Structures are given as C-alpha cells and as structure tokens.
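Working notes, structure below.
Rule-based calculations on the coordinates, nothing more; no lab input. Owing to the predicted nature of the structure, the values given are computational and were not obtained by experimental measurement. For neighbour counting, all protein chains shown are included, and Cβ atoms are generated from backbone atoms with ideal geometry for every residue, glycine included.
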Amino acid sequence: RRGLSKNLSISSDSLAQSLNRGFSTETGRKLEGKVALITGAARGIGKATAAKFIDNGAKVVVADIDQHIGEETAKELGANAAFIACDVTNESDISNVVDFTISRHGKLDIMYNNAGVACNTPPSIVDLDLQVFDRVMGINVRGVVAGIKHSSRVMIPRRSGSILCTASVTGVMGGLAQHTYSVSKSAVIGVVKSMAAELSSYGIRINSISPFAVPTRFVLEEMSRLYPGVDASRLTEMVQNAGVLKGANCEPIDIANAALYLASDDAKYVSGHNLMVDGGFTSFKTFNFPAHAPDSV
Ligand code: NAD
C-alpha cells in the first residue's frame with residue numbers, strides 16, 4: 001500500500017507539473033520568456049495577436065510591408081515590440097527578419113505567417129487574371145512557405161518551435177470568395193499539413209487558423225469595391241450579419257486568442273491542424289424549407 005500511495009503522489013506531482021507547463025504561476029502569462037515573429041502585424045489580426053502575445057509575456061517582432069503603420073504599431077505596443085520592414089514575397093526579406101529576431105533576442109519560439117491580401121479579380125474562371133493570381137499566390141502562399149522555411153532553419157537545431165499560418169474559411173469551402181483568394185488559402189492549409197509531416201520529427205508544431213470574415217481594412221476595401229458608396233459602418237454590419245453564431249461577431253481578438261492557444265504549451269500535442277474560428281459557419285448548412293408546403297407536391 002505504501003508503494004501505491006508513493007506512486008499516487010508521483011503521479012499527482014507530474015499532473016501538477018503538466019498543468020503548469022509553460023504557464024507562469026507568478027504572472028499567469030502563457031508565453032513568458034518566448035520570442036515571436038509575426039508577419040502582417042502592422043494592423044488587423046496580426047496587430048491584435050502581437051498585443052495578445054505581449055500581454056502574455058512574449059517579445060514580438062512586428063514584420064510588415066507598411067513601414068509607416070508598422071513603426072507606429074510597434075511604438076504603441078511598447079518596449080516588448082520591435083518593427084522591421086519586410087515584403088514576404090522577397091525571400092531575402094524573410095531571411096533577414098528571422099536573422100534580426102535571432103540577433104535581437106537570441107532565439108525564435110513562435111513564427112506566425114499572417115500577412116495576406118485579398119484580390120479584385122472578375123468572379124468567373126473564364127475571365128481569371130493570371131497575373132493577379134501569381135501576385136496573390138506570391139504573397140499568400142509563397143510568402144508563407146518562405147516564412148516556414150526560414151523559421152525552420154533556426155528552430156530545427158533547437159528541436160522546438162511553434163509555427164502558425166493564417167488560412168481562411170474560404171480555403172475550406174468553395175463559393176465564399178473569388179477563386180484566386182480561395183485557392184491561395186486552401187493551399188495554406190495543405191502547406192501546413194505537408195510541413196507538419198517533416199517538422200514533427202524535430203518537435204516543431206505547425207498549425208493554421210481559418211477565420212470567418214472580420215471587418216479589417218482588407219475586407220472593408222474589398223467590400224467597398226463591391227458596394228461603392230456604402231459607408232464603412234454599414235459594410236461592417238453586412239460582414240458581421242453574414243455569420244451564423246447569434247450574439248457574437250468574429251473579431252481580431254478571436255483570432256488572437258486562437259493563436260495564443262496554438263502558440264502556447266496548452267497546444268503542446270496539436271500539430272498539422274486547421275483551427276476554424278468561424279462560429280460554426282463551415283460545419284453545417286440548414287435546410288431552407290418554405291414556411292408553408294407548396295400547393296402541389
Ligand atoms: P489587414 O489588411 O488589416 O492586415 C494585413 C497586413 O498584411 C497589413 O498590415 C499589410 O500591410 C500586410 N501585408 C500585405 N502584404 C504584405 C507583404 N507582401 N509583406 C508583408 N506584409 C504584407 O488584414 P487582416 O484581415 O488582418 O489579414 C491578416 C490575414 O488574415 C491575411 O492573411 C488574411 O488573408 C487573413 N484572413 C482575414 C480574414 C478577414 O475577414 N479579415 C478572414 C480570413 C483570413
């Protein structure tokens with residue numbers, strides 16, 4: 001019996017250790033001492049995630065093509081944020097931001113490949129502009145692959161790291177966006193699965209997040225092209241009304257919370273996953289029967 005009670009106390013100790021893993025009991029912060037690099041973090045989802053990571057004890061490198069807003073964002077986020085200009089379509093820029101992170105903080109724990117653009121192309125495949133297709137794939141897919149390549153370069157020797165990528169509901173279901181954007185986000189989900197197969201052997205996790213529509217600048221610009229003359233608050237309302245979960249709207253903080261979970265040790269056994277943050281939108285479709293049966297069936 002003594003042996004049993006000893007075993008029980010060992011297992012309760014390891015349970016406590018496991019519960020506290022990566023979680024500072026002093027501060028309650030989930031990314032204490034971690035270093036993160038986020039692309040497209042000057043505004044929108046990336047900025048909200050940078051703020052969330054910093055609140056949870058991380059140091060964050062904000063990488064973005066928009067130098068002006070990027071610098072302002074880093075200033076707003078405070079001493080634990082640093083901005084570096086980066087166009088994700090240039091592999092040398094990506095390589096440079098990873099090296100900058102290492103020289104500043106000595107390591108890279110979390111890489112979030114979030115930069116992405118929408119596109120204004122005609123809706124039919126027959127009219128598809130392949131130059132726009134190449135440009136959008138260059139940012140939304142090649143940029144993500146380059147981010148994974150260069151973060152892996154520094155994570156593999158340490159046998160640890162968490163990589164995140166922003167995909168979209170439009171990459172999971174057809175018909176929600178123009179082909180080019182949908183295809184690019186579908187590819188991101190595939191890229192994550194393919195890379196997980198290799199990176200898991202080094203203890204590195206990689207996951208994607210698929211948000212529903214969030215009325216960030218990128219979406220509002222796209223919406224105002226479709227509905228010229230309609231003001232931003234009405235467009236925001238239209239985006240929010242498209243959701244299926246009543247009583248809540250999809251906001252940047254929802255994606256930031258998902259990113260915090262996936263980046264932290266709370267998700268220590270989650271890899272190759274695409275986390276939907278869509279209020280159930282892609283999980284179901286209800287029958288749309290008329291209120292009354294038609295006269296003749
Ligand atoms: P946003 O326009 O507010 O932010 C995008 C950021 O990416 C900007 O700061 C922009 O300057 C930066 N960026 C654009 N091209 C870049 C490049 N070549 N190199 C580096 N940075 C670049 O939009 P957001 O909604 O925050 O978008 C973030 C990500 O979320 C994107 O990948 C987008 O496709 C994805 N997403 C957005 C929604 C939505 O409804 N807002 C839904 C699903 C997925």
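Can you give me the angle between helix 44-55 and the longest principal axis of the chain, using Cα atoms only, in degrees from 0 to 90, rounded to the nearest 10? Orientation of helix 44-55: about 20 degrees from the principal axis. Mind pulling the angle between the C-alpha long axis of helix 143-155 and the longest principal axis of the chain? Nearest 10 degrees, somewhere in 0 to 90. With rounding to tens, the tilt is 0 degrees.
Each of the peptides 220-227, 288-295 was scored by the mean count of other Cβ atoms within 10 Å over its residues; in descending order, highest first, they stand as 220-227, 288-295. Annotation: amide H-H contacts under 5 Å for Ile65 (H modelled 1.01 Å from N, sequence separation of 5 or more, or interchain): Gly40, Cys86. For the chain, adding -39500 (n - 2.57) for each run of n ≥ 4 DSSP H residues and dividing by the number of residues yields -14000 deg cm²/dmol at 222 nm.
Note on Glu237/Lys149: beta-carbon distance plugged into 1/(1 + (r/R0)^6) with R0 of 45 Å gives a FRET efficiency of 0.65. With a cut-off of 14 Å between beta carbons, the residues surrounding Val172 carry a summed charge of +2, where Lys and Arg count +1 and Asp and Glu -1. Compute the signed sum of charges (Lys and Arg +1, Asp and Glu -1) over the other residues within less than 10 Å, Cβ to Cβ, of Gly279. Taking every other residue near Gly279 into account, the sum is -1. Mark the label point 7 Å from the Cα of Asp99 along Cα→Cβ and return the residues of the range 152-179 whose backbone N is within less than 15 Å of it. Residues 153-154 fall inside that zone. Derived scalar couplings between HN and Hα for the range 62-68 equal 8, 10, 7, 6, 8, 5, 4 Hz in order, rounded to whole Hz, by the Karplus curve 6.51 cos²θ - 1.76 cosθ + 1.60 (θ = phi - 60°), x for Gly and Pro.
How big is the charge dipole of the chain about its Cα centre, in debye rounded to the nearest 20, if each Lys and Arg gets +1 on its Cβ and each Asp and Glu gets -1 on its Cβ? Walk me through the intermediate numbers first.
Working: 29 positive and 28 negative charges, 295 e Å.
With only Lys, Arg, Asp and Glu charged at Cβ, the dipole is about 1420 debye.
Pull up the cross-link candidates among the lysines for Lys246, meaning alpha carbon to alpha carbon under 29 Å and not fewer than 8 places away within one chain. Straight-distance partners of Lys246: Lys47, Lys52, Lys185, Lys285.
Given a cut-off of under 8 Å on Cα pairs at least six residues apart, what relative contact order in percent is computed for the range 73-217? Please report the intermediate quantities before stating the final value.
On the way: 200 pairs, mean separation 34.8, N = 145.
It rounds to 24 percent for the range 73-217.
Charge tally around Thr216: other residues with Cβ under 14 Å, Lys/Arg +1 each, Asp/Glu -1 each, net -3.
Rounded if a/c is under 1.5, else prolate if a/b beats b/c, else oblate: with a ≥ b ≥ c from the C-alpha gyration tensor eigenvalues square-rooted, which is the chain? Kindly include the intermediate steps, with their values, before the conclusion.
On the way: a/c = 1.86, a/b = 1.32, b/c = 1.41.
Because a/c hits 1.5 or more and a/b fails to exceed b/c, the chain counts as oblate.
Report, in cubic angstrom per residue, the convex hull volume of the C-alpha atoms of the range 23-148. Show your work: numbers first, answer last.
Values: hull volume 14.0 nm³, N = 126.
Once divided by residue count, the hull of the range 23-148 is 111 Å³.
So if we plug the beta-carbon distance of Asp295 and Leu226 into 1/(1 + (r/R0)^6) with R0 = 41 Å, what FRET efficiency do we get, rounded to 0.05?
Working: r = 38 Å, r/R0 = 0.92.
With R0 = 41 Å, the Cβ-Cβ based efficiency is 0.65.
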